[in-house]
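The values are calculated or read from the model by the stated rules, or taken from the named source; none is laboratory data. Fair warning: this is a prediction, and the values are worked out from it, not measured in the lab. Cβ: placed from backbone, ideal geometry, glycine included. Neighbour counts: every protein chain shown. The area values use the complete protein model at the heavy-atom level, side chains included, leaving out ligands, DNA and RNA. Shrake-Rupley method; radii C 1.70, N 1.55, O 1.52, S 1.80 Å.
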Amino acid sequence: MLRTPTDETRLRILAWLRDPGPAADGVTADAVAERFSIPRPVAVTHLRLLEATGMLRTSRSAGRVRYHRDDIRIAEVARMFEKGW
């Protein structure tokens, strides 16, 4: 789910959200689309998949959905992979 042979966009989104700038208030789908030069519907798909796995959480600000990393969940998933899951 995180990595496909031809596209590592979800991993790049998670890495970008580690930066203090975007991480502070979260990012919108529009910001992700612009940052990674992808259409907005594609950005929304990536963000929703990451949210569904618990790696991103959402908040609302001015009627817009903002996405934030869930570092605790990301660490849990990393531990599962380290154990050979």
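Any residue in the range 64-79 that is at positive phi and outside any strand (DSSP E or B)?
Narrowing the range 64-79 to residues at positive phi: none.
No, that holds for no residue.
Please tell me if Arg35 is closer than 15 Å to Leu14 by Cβ and touching an Asp or Glu at 6+ places or on another chain (Cβ under 6 Å). Break it down into steps so the answer makes sense when it comes.
On the way: closer than 15 Å to Leu14 by Cβ: yes; touching an Asp or Glu at 6+ places or on another chain (Cβ under 6 Å): no.
No: the conditions fail for Arg35.
Return yes or no: is Glu34 over 10 Å from the mean Cα position of the chain (by Cα), free of Cβ contacts under 8 Å to residues at least 60 places away in the same chain and exposed (fewer than 13 other Cβ atoms within 10 Å of the Cβ)? It would help to see each step written out before you state the result.
Working: over 10 Å from the mean Cα position of the chain (by Cα): yes; free of Cβ contacts under 8 Å to residues at least 60 places away in the same chain: yes; exposed (fewer than 13 other Cβ atoms within 10 Å of the Cβ): no.
No; evaluated as a whole, the condition is false for this residue.
Sort out which residues of the range 10-22 are of a type in the set (A, V, I, L, M, F, W, C) and either more than 16 Å from Gly54 (Cα to Cα) or without any contact (Cβ under 8 Å) to a residue 24 or more places away in the chain (or both), and write them in order of number.
Leu11, Ala15, Trp16
Looking at the range 51-62, can you tell me whether even one residue there is open to solvent by 40 Å² or more (accessible area, probe 1.4 Å), assigned to a helix (DSSP H, G or I) and modelled with pLDDT of 90 or more?
Yes, the range 51-62 has at least one match.
How many of the residues making up the range 7-22 are assigned to a helix (DSSP H, G or I) and either more than 22 Å from Glu76 (Cα to Cα) or open to solvent by less than 40 Å² (accessible area, probe 1.4 Å) (or both)?
Let us first name the residues in the range 7-22 that are assigned to a helix (DSSP H, G or I), namely 9-16, 20-22.
From what is left, the residues that are either more than 22 Å from Glu76 (Cα to Cα) or open to solvent by less than 40 Å² (accessible area, probe 1.4 Å) (or both) are 9-10, 13-16, 21-22.
Residues in the range 7-22 being assigned to a helix (DSSP H, G or I) and either more than 22 Å from Glu76 (Cα to Cα) or open to solvent by less than 40 Å² (accessible area, probe 1.4 Å) (or both): 8 in total.
Can you name the residue in the range 37-60 that is hydroxyl-bearing (Ser, Thr, Tyr) and within 20 Å of Asp19 (Cα to Cα) and is also nearest to the chain's Cα centre (by Cα) among such residues?
Filtering the range 37-60 for residues hydroxyl-bearing (Ser, Thr, Tyr) gives 37, 45, 53, 58-59.
Still in the running and within 20 Å of Asp19 (Cα to Cα): 37, 58-59.
Values: Ser37: 15, Thr58: 10, Ser59: 13 Å.
Result: Thr58.
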